[in-house]
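The values are calculated or read from the model by the stated rules, or taken from the named source; none is laboratory data. As the structure is a computational prediction, the values presented were derived from the model and not from experiment. A quick note on method: Cβ atoms are made from the backbone with ideal geometry, for glycine too, and the neighbour counts reach across all protein chains shown.
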Amino acid sequence: MEFGLTEEQEMLKTSAREFLEKESNRNHIRTMMEDEIGYSPELWKKMAGLGWVGLIFPGEYGGGEMGFRDLTVLCEEMGRALLPSPFVSTVILSGMPLLFAGTDKQKQEFLPEVAQGKQILTLAILEEDGDFWPGSIKTRAEKRGSEYILNGTKLFVWDAKAADYLLCAARTKHSSDPEDGITLFLLDAKEWGVYISPLNNLDLLRRQYEVVLSNVPVPAENIVGELNNGWAILKKMSLYATVALCAEMIGCGDKVLETTVSYAKERIAFGVPIGSFQTIKHKCADMLSGLEYARSLMEWAALALDDDDPDAPLAVSMAKASCGDVCKMVCDEGVQIHGGIGYTWDHDMHLYFKRVRASDTAFGDGNYHRELIARYIE
Amino acid sequence: MSDGSAKLEAFRKEVRTWLRENLPKGWGTPEYKDPERFSTEAHELGKLWQKKLYDAGYAGFGYPKEYGGVERPPEEIAVIREELLRHGSPFGPLSLGLLMAAPTIMAHGEEWQKERFIPKILSGEESWCELFSEPNAGSDVANIQTTAVKEGDEWVVNGQKIWTSMWEFSDWGILAARSDPNAPRHHNLTCFIVDCKSPGYTKLPLKQMTGTSEFGEEYFDNVRIPDKNRLGEVNKGWGVILAGLMAERSGGGAFWGGMGGGRSATGGAARGIGMLSVKAIIDLAKETHHYGRAVWDDPVFRQKIANLAIEVEAMRYSGLRMVAKMRKGIMPTNEASIVKNFQAEMRRRQGDMVMEIIGAYSQLMRDSKRAIDGGEWVYQMMRARGATIEMGTSEINRNIIAERVLGLPR
């Protein structure tokens, strides 16, 4: 395991930062906050052109054949820049299940198009309780000839208005084991009976939707993985997704700390910079220390996944609990140290605050992951 | 398996065999009884162990050969550390000699001082203490009042030092004293290597809230130190003090992070920090029942113990990140304060959590026939209160992080 960045990763980081500072600048972000779809197709094409969208795909599907740890370097920069884009939805939430379990035909059909930025995918998984676990999947898929008919309601679906296809988990069999009987379907987002409506979620840079499926026909050849065995694919993908979100959160946290420290050096109160007060210094010191340790766990988790380390699920849970807790604290203190200005809509602080809270909830919060850790280490 | 990893596995076997043959009789079994904390016996065991490790080529890394340093590929050093940790071997490095004195002498010492002192630190033959703190110079360490006055080829020292680890067994100390009554702060101190058997040097135990005397105090009554024992230039002692404190903070953090060894320098059965101790806490939580339920089945405790496990792993992997940085030539300096605070505050949280697990038994120390694990957990809970004060209080370390790492104004 090699901690820190390789030379190649340093280059990726530097070029990503330069690109995103230019492209995902304040103007772009403010425009996207008002945008119903929530991303810029033009920018997406440029990202595909840089090889970002296909970064981890095999070469035969037009990918860059890079590792997952490389991808987290990119995710960190995207978090830092608050990039509004369906990147995680397309590449990780949906692209990885296709990569793990798709047929050759499916991969040939979708992955090159995705890598070229021509197709956007997302995952429709969560239902009424909002939790990532098999017991919540109530959406039904019934076989009718060579098709399946899907009925149900999916919630908290990211980037649904941007997506061309939805990867959707539905129940194809009743079983006492909730993991048994879940099947993944790739369905056309423009199909009859797919109703997408916005949820008006806090994070305006990663919009979430309700997706109602009313008698939606899906051809049987669009099943991803085996019939009834879809949950294992999602479980595997969720490890990668969780770490990608950790990397994004670390990117957010780093930027918040940087912004806050430079504000504390400039802002004058009682005739001196507020950063000369110990109470402010100590908060900033705690923000930095927290981020250092959370980053170590995130790097460990990413490297463990790349190595197929049997401890990877433990590393992932530890990273998620730590990154969530630490980055929420960092954003809280960032708002607090900025004072009134940090509480305004006009300042970017609330955008980081909201992004981190959204990511903290996704794929299980700290309490959920600590319970998984307890089971793992006992 | 590649050639390299096969060789490394063979080396691991060699280390394991050596450990089995050389650890004290009964080590690791319930029959083994640790010598009493801070006793002469415990100190002798630590010294002997360091000597054995050093003679076998399993200690003394990071120093040039001419000063007794032992050269080994980093992969082998990692294997040695892992095996020492796994076997919970007696902590050899005798704390302050290796943690503080050797790096400080390497950075500021003259050639003869390096040749004379470093080999015996590495081999465990001589023990060291740090003589910086005074009753009125703790966090404000620049406020040292002990005086050093030059008389011919000697310096005459008068004053009092306090909070000295290894006070009882030290052969040598690194002393900071005020050498110029008129010079401004930070430009008025000089450091010396002092022989702890010098006439006029009196050492006394200081009893702490734990009931033990881990720390002591020293009185200097016209103690004479030859000028050749001066460490660094006259009135440039502040830089020497900073180097010493920084080495101690980073080393101490690394030790508690699990890179040193499983037992404390003074022979106590330190179930300190490390995944091993998380395991011990889980066992304790399974054995202990409150209101008819095992503590381990209480979701609140499961959350807290999982959190401790996260912190332990965070320390481990932060250590590896630091090593990766060092390999690229980036030397961590003030970052030591981050490590130091994290480990100290983690020890307090861990101590508090175990007290919650054992409930009413948290009142019983070693002398009680009903004490759990000989009162070790209760001792560690109280000892952790010292951890957030020694080596720079948590508050001082936060100032260092804010000012020297983040660049906030003083």
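List of remarks:
- Among (1) under 30 Å from residue B:104 (Cα atoms); (2) at the interface with another protein chain (Cβ under 8 Å from one of its Cβ atoms); (3) β-branched (Val, Ile, Thr) - the single one residue B:310 does not satisfy: (1)
- Given (1) assigned to a helix (DSSP H, G or I); (2) in contact with a Leu (Cβ under 8 Å, 6 or more places away or on another chain), index of the condition residue B:117 fails: (2)
- Options B:410, B:383, B:404: the member that is of a type in the set (Lys, Arg) and more than 14 Å from chain A (Cβ to nearest Cβ): B:383
- Taking the stretch B:24-41 as the range and being acidic (Asp, Glu) and more than 15 Å from residue B:373 (Cα to Cα) as the test, only B:41 passes.
- In summary, residue A:334 fulfils each of the numbered conditions (1) surrounded by fewer than 22 Cβ atoms within 10 Å (Cβ to Cβ); (2) within 14 Å of chain B (Cβ to nearest Cβ); (3) on the phi < 0 side of the Ramachandran plot with the single exception of condition (1).
- The stretch A:181-220 - residue that is assigned to a strand (DSSP E or B) and of a type in the set (Asp, Glu) and, of those, nearest to residue A:359 (Cα to Cα): A:210
- Screening residue B:179 on (1) surrounded by fewer than 19 Cβ atoms within 10 Å (Cβ to Cβ); (2) more than 21 Å from the chain's Cα centre (by Cα) shows it passes everything except condition (1).
- The condition (being within 23 Å of residue B:195 (Cα to Cα) and surrounded by 20 or more Cβ atoms within 10 Å (Cβ to Cβ)) is satisfied by just one residue among B:131, B:53: B:131.
- Enumeration of residues in the stretch A:252-285 that are in a helix (DSSP H, G or I) and among the hydrophobic types (A, V, I, L, M, F, W, C): A:252, A:256, A:257, A:261, A:264, A:274, A:280, A:284, A:285
- Of all residues in the stretch A:195-202, none are modelled with pLDDT of 95 or more and buried (at least 20 other Cβ atoms within 10 Å of the Cβ).
- The number of residues in the stretch A:306-326 that are away from chain B (no Cβ under 14 Å) and closer than 25 Å to residue A:24 by Cβ comes to 0.
- Residue in the stretch A:342-353 that is charged (D, E, K, R) and not in a helix (DSSP H, G or I) present: yes
- Positions within the stretch A:256-300 being of a type in the set (S, T, N, Q), in contact (Cβ under 8 Å) with a residue 24 or more places away in the chain and at the interface with another protein chain (Cβ under 9 Å from one of its Cβ atoms), in sequence order: A:296
- Cβ-Cβ contacts under 7 Å between residues 6 or more apart (or on different chains), taken from a first residue in the stretch A:367-378 that is more than 7 Å from every other protein chain (Cβ to nearest Cβ) to a second residue that is of a type in the set (Ser, Thr, Tyr) and in a helix (DSSP H, G or I), are listed as A:369/A:317; A:372/A:317.
- Residue satisfying all of: in the stretch B:362-398; farther than 25 Å from residue B:132 by Cα and of a type in the set (A, V, I, L, M); surrounded by the fewest Cβ atoms within 10 Å (Cβ to Cβ) among these: B:365
- Within the stretch B:316-342, the set of residues being crowded, with 24+ Cβ neighbours inside 10 Å and more than 7 Å from every other protein chain (Cβ to nearest Cβ) comprises B:322, B:335, B:336, B:337, B:339, B:340.
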